[in-house]
Amino acid sequence: MKTYEYEGFDKDKQPDKGTVEASTGEEAIMYLLQSGIYPISLVELSAGQARSNVKLNNLRKFREQLKAPPPRPINDLAVPKPKPKSSVRLMVILACAVVTIYFAVKLFIELGLLPGGHITP
């Protein structure tokens, strides 16, 4: 495996840099992307250049990433609106029906199709 040094940004748009081991540069980039790091540079280090660049902050991030659930695919990010419960839907339908009947009766009275009466709003 080869060692690659990267610079990039994490999912919180904070700068991040370090090293990663992979067979190819493409594999290193895929690993970084799956880890939530968006690389902007990737350089292969020769055998003598490989160094440990582990910082306490990076270890904390790594530990938090292990605790976190895996990232969802991009097509799952659209969250559907929850459907209202059937009792709420029924109350909305009944309210619309009552308003419609009120205005229909009021119109029929004004047109003289129903005997006059007093309807309060």
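The values are calculated or read from the model by the stated rules, or taken from the named source; none is laboratory data. Computed from a prediction, not measured in an experiment: that's the story for all the values here. Positions of Cβ are generated from backbone atoms using ideal geometry, with glycine treated the same way; all protein chains shown enter the neighbour counts.
Here Pro70 meets the list (1) modelled with pLDDT under 70; (2) closer than 16 Å to Pro15 by Cβ almost entirely, failing just condition (2). Once segment 1-33 is narrowed to residues that are among the polar types (S, T, N, Q) and in contact (Cβ under 8 Å) with a residue 24 or more places away in the chain, the residue that is nearest to Leu66 (Cα to Cα) is Thr19.
Checking the structure you have, find out if any residue of segment 4-13 is in a loop (DSSP other than H, G, I, E, B) and either of a type in the set (Gly, Ala, Ser) or touching a Leu at 6+ places or on another chain (Cβ under 8 Å) (or both). Among the residues of segment 4-13, not one is in a loop (DSSP other than H, G, I, E, B) and either of a type in the set (Gly, Ala, Ser) or touching a Leu at 6+ places or on another chain (Cβ under 8 Å) (or both), which makes the answer no.
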